[in-house]
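Notes follow the structure.
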Amino acid sequence: MVASPTPNPAKPSASRETIDAIAGQGYDAGFFTDIEADAAPPGLDESIVRFISAKKNEPEWLLAWRLQAFALWQKMDEPRWAHVDYPPVDFQAISYYSAPKALTSKKLEDLDPEERAQYDELMRTYERLGVPVNERGKLAGNEIGVAVDAVFDSVSVITTFKENLTRAGVIFCSLSEAVREHPELVRKHLGSVVPATDNYYAALNAAVFSDGSFVYIPKGVRCPMELSTYFRINAKGTGQFERTLIVAEDQSYVSYLEGCTAPRRDENQLHAAVVELVAHDDAEIKYSTVQNWYPGDAEGKGGIYNFVTKRGLCKGRGSKISWTQVETGSAITWKYPSCILKGDDSIGEFYSVALSNRRQQADTGTKMIHLGRNTRSTIVSKGISAGHGLQTYRGQVRIAKAAEGARNYTACDSLLIGSTCTADTVPYIEVANATASVEHEASTSRISEEQLFYLMQRGLSQEDAVSMIVNGFCKDVFRVLPMEFAVEAQKLLDVSLEGSVG
Amino acid sequence: MLTIENLHVEVDGKAILKGLSLTVPAGEVHAIMGPNGSGKSTLSYVLAGKEGYVVTAGSIRIGDFDLLEMSVDERAQAGVFLAFQYPVEVPGVNNKVFLRHALNAKRKAAGQPELDAVSFIKLLNEKLALVGMSKELAGRELNSGYSGGEKKKNEILQMAMLDPKLAILDEIDSGLDIDALKAVAAGVNALRSPQRSMLLITHYQRLLDAIAPDHVHVLLDGRIVHAGGPELALELEERGYDWLRAA
Ligand SMILES: Nc1ncnc2c1ncn2[C@@H]1O[C@H](COP(=O)(O)OP(=O)(O)OP(=O)(O)O)[C@@H](O)[C@H]1O
Ligand SMILES: [Mg+2]
């Protein structure tokens, strides 16, 4: 922005001072819940992998699977190709398991007062975050019928509306529980879309994953409510390594939402998750994320390293997977939710809003791998950079030889706010079938001082003016978010952009 | 009523306005004429509070408000409206959504409740008819891809919606075809009101034929050097500005 060297002494832009004053704040989820935890000591070796597996009473096959992944990970190197810059992660300084002590196998009514107090504190955390963990429907989310799985550090603390879902034949529980209750389903699909061999962080996750959600929608079932998982990192010095697995059988439908927050801390914390989706014939999975991990402060101190592998397999004919993400948090984001379009006529979609403000760095995008005939994919990416943010869209579209008639449309737009941020677009396009059509559009624009002046001359505050332009820029993505998430996403963007101008 | 006294303004260290004084009583329309580069747009920006326009001396008041104490948005909420010489394109922002936000920001500042969607549309349709603008155009992205004339019409629509105390129209006639000029002038005339002061910046008599001013001022080298009734515009058209430079 063309800042005036000599500001009007009279008070031409009071809003600028206010904005400066609130810069760097505005992360509402930055509090810490002080409860006792059962944690593994920092460090990573085979005994930690065994410790986690034992904590969960896992069957032998799963322990073997973890150990194999761990052996593999030890031989791998941390990837460095992403356009992000950070000091090497000290994997021995991280604790790989932390579970609130309040979560015992006891029934709620059998807890002693001390345990009960700890449990209540835990539940209050979610109420403060606005997550409806209470089924009685006091919280807004519940009135519209969202079932929630709440993951706190390494464990799932509660899953709501299980009975309603069971009646419909839907399985929605923590992955640990699924391993116990539905071992055959888990064994069949775990690692089938993202194998441990896939990449460094996928291997790490396979070795030490603690919890996450499991969803199974049987044939012909339309899941009666939105499912959602709320991830919370709380304990200091821990990493979160959750794993989510969603399987949609023939002609089924599910819409799944995830949200993420963490306390404000000076240290960086690692979040390395894996998400696998499998859609069979004519099944549809809609996966939405609002990622608001702590982004670090204005100087780039603290914040989450968000190194995530998300992939969906459109296995069946006519299946559809859509990823929608609103990424406002994390110090560093490394994430490419992808679709493998294997079934003929299958559809993959990726709608993304990613924001890098302050010192945030994001290298994010998608991969659309067209294997089947007449497969279609749509990519709409909206990258916003402000402050000293660094934003890279990295997207791959690959049309295999057999993918007769495949089509891709990509629209990749960047919006810059201020003059100290950066945005890049890195498309990889490979087409091995001449009947395919691939269309790529990209644009970069900047919010100008003239635009802000124009909007403010009509009475909008500077924040509202920025918010209006940014929301306009993102509307193609917000449009496909579930309603209540779209509202949250807009608010989140507004809060995350505070202090971006001036 | 707008009162400007001895206004001195610098841009990038260069003095542009050099002791400008001007009074526009409520209910009156005053025209400002002057050669290119004399400081007309500068005056309009200073009134609106644009950053980079540094007031080194003087005062600007509207009624009880000391404008120099107020930020851009505060001035707008208090009733200052500037129809831009070059309206700015804001892609992605819907014109109607923007108008509703702007109107509600103003209402909020005045302690009035926000206008609900139904009342807003009703008001909008009324004003669209007044300025002769189509609903289709009003619903597009703000000024984005509008023709020059459409942009100017949209400025008048916004003025009609926001009902300002002081309206500054900077070359509202530039780029308009004959019919559009008539339509815009009719809109402006319909918006003349005993509560409103209007400042009409223009180079041409034809606008003043359509919108008869109460007074005409000549701005030259950062100062008002001459003022008169509507007949002054005719004289300027005939004689140009040179005879005033000497004075
Ligand atoms: N940033 C700037 N730095 C230096 N001079 C400037 C700057 N902005 C404007 N000026 C100068 O200020 C003077 C007045 O400009 P202004 O736009 O107010 O003129 P105007 O009367 O509106 O002219 P026109 O009739 O052509 O619209 C011009 O000489 C212009 O070059
Ligand atoms: Mg001008």
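Structure summary
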| read-out | value |
| --- | --- |
| Test: B:Asp214 is of a type outside the set (A, V, I, L, M), more than 19 Å from B:Ala76 (Cβ to Cβ) and in contact with a strand residue (DSSP E or B) (Cβ under 6 Å, 6 or more places away or on another chain) | yes |
| Test: residue in the range B:79-91 that is more than 16 Å from ligand 1 (Cβ to nearest atom) and among the polar types (S, T, N, Q) | no |
| Test for B:Glu136: is it closer than 26 Å to B:Leu2 by Cβ, of a type in the set (Asp, Glu) and more than 18 Å from the chain's Cα centre (by Cα) | no |
| Criterion: of a type outside the set (Asp, Glu), over 21 Å from the mean Cα position of the chain (by Cα) and within 14 Å of chain B (Cβ to nearest Cβ) - qualifying residue of A:Leu455, A:Leu371 | A:Leu455 |
| Failed item, numbered, when B:Arg75 is tested on (1) more than 16 Å from ligand 2 (Cβ to nearest atom); (2) more than 28 Å from B:Lys153 (Cβ to Cβ); (3) at pLDDT 95 or above | (2) |
| Failed item, numbered, when A:Leu341 is tested on (1) surrounded by 24 or more Cβ atoms within 10 Å (Cβ to Cβ); (2) modelled with pLDDT under 95 | (2) |
| Any hit, the range B:4-13, residues being within 12 Å of another protein chain (Cβ to nearest Cβ), more than 16 Å from ligand 2 (Cβ to nearest atom) and aliphatic (A, V, I, L, M) | yes |
| Subset of the range A:321-341 that is of a type in the set (Gly, Ala, Ser) and not in a strand (DSSP E or B) - its residue that is nearest to A:Glu299 (Cα to Cα) | A:Ala331 |
| Number of positions in the range B:83-101 that are farther than 23 Å from A:Asp476 by Cα and either within 10 Å of another protein chain (Cβ to nearest Cβ) or not in a loop (DSSP other than H, G, I, E, B) (or both) | 4 |
| Verdict on B:Leu166 being away from ligand 1 (no atom under 16 Å from the Cβ), within 14 Å of chain A (Cβ to nearest Cβ), in contact with a Gly (Cβ under 8 Å, 6 or more places away or on another chain) and within 24 Å of B:Gly37 (Cα to Cα) | yes |
| Positions within the range B:102-127 being closer than 22 Å to B:Gly92 by Cβ and either part of a loop (DSSP other than H, G, I, E, B) or away from every other protein chain (no Cβ under 14 Å) (or both), in sequence order | B:Ala117, B:Phe120, B:Ile121, B:Leu124 |
| Failed item, numbered, when A:His388 is tested on (1) surrounded by fewer than 24 Cβ atoms within 10 Å (Cβ to Cβ); (2) touching a helix residue (DSSP H, G or I) at 6+ places or on another chain (Cβ under 8 Å) | (2) |
| Of residues in the range A:442-452 being more than 10 Å from chain B (Cβ to nearest Cβ) and out of contact with any Cys (no Cβ under 8 Å at 6 or more places or on another chain), the one farthest from B:Val97 (Cα to Cα) | A:Thr444 |
| Residue, farthest from ligand 2 (Cβ to nearest atom), within the range B:14-34, restricted to residues that are more than 14 Å from chain A (Cβ to nearest Cβ), touching a helix residue (DSSP H, G or I) at 6+ places or on another chain (Cβ under 9 Å) and more than 16 Å from B:Ala212 (Cα to Cα) | B:Leu22 |
| Residues of the range A:467-502 classified as within 14 Å of chain B (Cβ to nearest Cβ), in a helix (DSSP H, G or I), over 25 Å from B:Ala110 (Cβ atoms) and of a type in the set (Gly, Ala, Ser), total | 1 |
| Wholly within the range A:214-316, strands (runs of 3 or more DSSP E) carrying at least 3 residues that are of a type in the set (S, T, N, Q) | A:284-291 |
| Filtered residues of the range B:17-47 (kept if away from ligand 1 (no atom under 16 Å from the Cβ) and among the polar types (S, T, N, Q)) | B:Ser21, B:Thr23 |
| Filtered residue count, the range B:53-73, keeping only those that are surrounded by 21 or more Cβ atoms within 10 Å (Cβ to Cβ), within 8 Å of chain A (Cβ to nearest Cβ) and not in a strand (DSSP E or B) | 4 |
| Residue within the range B:26-44 that is surrounded by fewer than 23 Cβ atoms within 10 Å (Cβ to Cβ), modelled with pLDDT under 95 and assigned to a strand (DSSP E or B) present | no |
| Hits in the range B:35-52 - residues which are within 16 Å of ligand 2 (Cβ to nearest atom) and facing chain A (nearest Cβ under 7 Å) | B:Ala48, B:Lys50, B:Gly52 |
| Residue match in the range A:226-243 (condition: under 20 Å from A:Lys55 (Cα atoms), at pLDDT 90 or above and surrounded by fewer than 19 Cβ atoms within 10 Å (Cβ to Cβ)) | no |
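Yes/no per residue for (1) more than 15 Å from A:Phe152 (Cβ to Cβ); (2) surrounded by fewer than 16 Cβ atoms within 10 Å (Cβ to Cβ); (3) at pLDDT below 80; (4) among the acidic types (Asp, Glu):
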residue: A:Tyr27; (1), (2), (3), (4): yes, no, yes, no
residue: A:Phe32; (1), (2), (3), (4): no, yes, yes, no
residue: A:Gly43; (1), (2), (3), (4): yes, yes, no, no
residue: A:Glu78; (1), (2), (3), (4): yes, yes, no, yes
residue: A:Trp81; (1), (2), (3), (4): yes, yes, no, no
residue: A:Pro88; (1), (2), (3), (4): yes, yes, no, no
residue: A:Val131; (1), (2), (3), (4): no, no, yes, no
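Every residue, every condition in (1) part of a loop (DSSP other than H, G, I, E, B); (2) loosely packed, with under 15 Cβ neighbours inside 10 Å, yes or no:
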{"residue": "A:Ala403", "(1), (2)": "yes, no"}
{"residue": "A:Asn408", "(1), (2)": "no, no"}
{"residue": "A:Ala411", "(1), (2)": "no, no"}
{"residue": "A:Val426", "(1), (2)": "no, yes"}
{"residue": "A:His440", "(1), (2)": "no, no"}
{"residue": "A:Ala465", "(1), (2)": "no, no"}
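The values are calculated or read from the model by the stated rules, or taken from the named source; none is laboratory data. Predicted model, so just to flag it, every value in this text is computed and none were measured. Every residue, glycine among them, receives a Cβ derived from its backbone with ideal geometry; neighbour counts consider all protein chains shown.
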